[in-house]
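The values are calculated or read from the model by the stated rules, or taken from the named source; none is laboratory data. Please read these numbers as outputs of a predicted model, since none were measured by experiment. Every residue, glycine as well, gets a Cβ built from its backbone with ideal geometry; the counts of neighbours run over all protein chains shown. Ligands, DNA and RNA are excluded from the accessible area calculation, which covers all protein heavy atoms including side chains. Shrake-Rupley method; radii C 1.70, N 1.55, O 1.52, S 1.80 Å.
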Amino acid sequence: MKMYLSNIFTDPQMEKYIDIIVSSFLPLVKGALYYTIPLTLITFAIGLVLAVITALMRLSNMKVLQWVARAYVSIIRGTPLLVQLFIIFFGLPSVGVTINPLYSAIIGFSLNMGAYNSEIIRAAILSIPKGQWEASHSIGMTNFQALRRVILPQATRVSIPPLSNSFIGLIKDTSLASTITYTEMFRKAQEIAATNYHFLLVYTEAAVIYWIICIGLSFVQDRVENRLDQYVAK
Amino acid sequence: MITVKDLNKSFGDLHVLKNINMDVDRGEVVVVIGPSGSGKTTLLRSLNILETPEEGEITIGNQSMDFSKPSKKKQIVEFRKQTGMVFQNHNLFPHFTALENVMEGPVTVQKVSKAKARERATEILTKVGLGEKLDAYPHQLSGGQQQRVGIARALATGVEVILFDEPTSALDPELVGDVLNVMKELAQEGMTMVVVTHEMSFAEEVADRVIFMDQGAVVEQGTPEQIFQQTKEPRTQQFLNRIRK
C-alpha cells in the first residue's frame, strides 16, 4: 500500500494515471446519470408507494391485512438483499419466469424499500398526536380525509430524515445490481478496471462519485426540511 | 336539541359514566362541573363520539345513536357533523395557518368553494378578534389566540351545537378572559353550548343550567343560582367549598 502510494508521486508515468482517471470519468458519470440515479429514483418512488400501503395495512383494523403486511416486512428484512436479487434474476428462470436485469433490479430494490420504509412511515404516523385525529373527526372528517389532509402531511415532515437515510442507502445498494449483470456505475467501473488493471484508481474514483451524489442529496434534504419547518415552533 | 338516555361507559373496570340522562334545549348553555375524574369530559366527548359508550342513546337534532347496537362508521361521521368541538389543548392543525384551519372543515368536508370558505373564515376569525392573524401559523399565536382559532374552526361548518372541553384550563390566567368573552358572545347569539369548565364565574354568569357530576353520575342540576347558592347536596357543597378556597 505504502509502496504503491509513494510510487504514484515518483512514477514518471504519473501522466498515465491522470489519463486513466480522466478517461474513465465520463463513462462512470454516464453510468451514474443513465443507470444508477434513474434506478434509484424509480425504485424509491415505487418503494414509497408500497411503504405507505404497507404501513396503512399494518395500522388498519383488519387482521388479514395486518398479517400480510407483517409477513412481507419480516421476509424482506430477514433475508439479504443480495440473496433476494439472486432469487429474482437467477432463480426464477428455472420456474419459467425470466426477468431482464433492469426489471429484476427494480423489483428487488422496490420490495426492499417498501418493507424498510413502511416501518419509518408507520412510526411517523403513530408519532402524530391523537388530538389531531380527534380534531379532524370533530369537524366531520372521515378517517381517509383526516389521513390525507392532516396526518400524512405532518407525518411526512417527521419521516424525512429517516427516509433520506434510506434513500442514501439505496443509492449505494444499487451497486449490487452489478451482480445481476445490470450495467450501472459500479459495473462500468469493474469493466474499465478489468481492461486496465488499475483497480485502486478506478474503484476509488467510483467511490468518490457515489460520495458526491450523496453530499448533493444531503443538501437537498436540508432544503426540504427547512421548507417544511415553517409551521413548526422553533 | 340534545337528549342523552341511560348512557354507560367503562374504561376496563372503571365505570366512568353511570346511567347518565340529560337534555339540552336549543339555544341553551349548559355548564358541566365536577371534580376531576367525575366523567364530565368523557360525557362531553361521548356527545361527539370521540368516546364510544357501551350502552345508551344520544339524540342530537334529528339523528340518534343507539350504542347497544354496533354503529356504522358512516353513521358516526354524519352524527359528528352536527356538533363542533373545542379542545383543552386546542388541537389546531400546525401545518395550516389560522385561516386554513378554519377553512378546512367547509372545504374538505362540506365541499364549499375555496373562495367562499375563505370569505366566511375571514369573517369568523374577525369576529373572534383575530382579523389580523389570518396568515399566522398556530405556533406564532398565543394560547388564547390559538383557542379562539379553535372556536372559529368549530363554528365554521355552521354547527348548531358547540362542545367545549375545558377550553381555558391550559391557558395563562391573563389570556382566559379573551376566550371567555368570545364564548359569552356566542351564548348571547343563541348558540347551543355544552361547556365543561372550572371557571365558576363563567358558569354563574352565562349558564342557563349547571350540571354537577361526581364519580360518573349526575348528582344534581339546576340554574346557577340553585347550584351555587342553594344546593342541599353535600357532595356539591363539598366541591364548591374546595374550589372557592
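Could you tell me how many of the residues in the stretch A:94-122 are part of a helix (DSSP H, G or I) and either without any contact (Cβ under 8 Å) to a residue 24 or more places away in the chain or acidic (Asp, Glu) (or both)?
5
Report yes if some residue within the stretch B:146-161 is more than 14 Å from chain A (Cβ to nearest Cβ), farther than 22 Å from B:Arg26 by Cβ and either open to solvent by less than 30 Å² (accessible area, probe 1.4 Å) or modelled with pLDDT of 95 or more (or both); otherwise report no.
Yes, the stretch B:146-161 has at least one match.
Identify the single condition in (1) away from chain B (no Cβ under 14 Å); (2) at pLDDT 90 or above; (3) in contact with a Gly (Cβ under 8 Å, 6 or more places away or on another chain) that A:Leu200 does not satisfy, given that it satisfies every other one.
Exception for A:Leu200: condition (3).
Taking only the stretch A:39-73 into account, find how many residues are of a type in the set (S, T, N, Q), open to solvent by 60 Å² or more (accessible area, probe 1.4 Å) and under 13 Å from A:Asn112 (Cβ atoms).
Summing the residues that are of a type in the set (S, T, N, Q), open to solvent by 60 Å² or more (accessible area, probe 1.4 Å) and under 13 Å from A:Asn112 (Cβ atoms) in the stretch A:39-73 gives 0.
Among A:Leu170, A:Leu176, A:Leu200, which is in a helix (DSSP H, G or I), open to solvent by 60 Å² or more (accessible area, probe 1.4 Å) and farther than 30 Å from B:Phe93 by Cβ?
A:Leu200
Determine which member of the set B:Ala203, B:Ala170 is touching a residue at least 60 places away in the same chain (Cβ under 8 Å) and surrounded by 20 or more Cβ atoms within 10 Å (Cβ to Cβ).
One residue alone meets the criteria, B:Ala203.
Restricting to the stretch B:27-70, name every residue that is among the polar types (S, T, N, Q) and without any contact (Cβ under 8 Å) to a residue 12 or more places away in the chain.
Of everything in the stretch B:27-70, those that are among the polar types (S, T, N, Q) and without any contact (Cβ under 8 Å) to a residue 12 or more places away in the chain turn out to be B:Ser36, B:Asn62, B:Ser64.
Can you name every residue in the stretch B:118-135 that is touching a residue at least 24 places away in the same chain (Cβ under 8 Å), over 22 Å from B:Leu180 (Cβ atoms) and surrounded by 16 or more Cβ atoms within 10 Å (Cβ to Cβ)?
Hits for the stretch B:118-135 are B:Arg120, B:Ala121, B:Leu134.
Applying the selection to the stretch B:85-96, what residues are within 15 Å of the chain's Cα centre (by Cα), modelled with pLDDT of 95 or more and at the interface with chain A (Cβ under 7 Å from one of its Cβ atoms)?
Answer for the stretch B:85-96, where residues must be within 15 Å of the chain's Cα centre (by Cα), modelled with pLDDT of 95 or more and at the interface with chain A (Cβ under 7 Å from one of its Cβ atoms): B:Met85, B:Phe87, B:Asn91.
Within the stretch A:29-38, work out how many residues are surrounded by fewer than 16 Cβ atoms within 10 Å (Cβ to Cβ) and either more than 24 Å from A:Thr183 (Cα to Cα) or within 18 Å of the chain's Cα centre (by Cα) (or both).
So the count comes out to 3.
Starting from residues that are charged (D, E, K, R) and more than 10 Å from every other protein chain (Cβ to nearest Cβ), keep the ones in the stretch A:129-174 and report whichever is farthest from A:Ala115 (Cα to Cα).
A:Lys172
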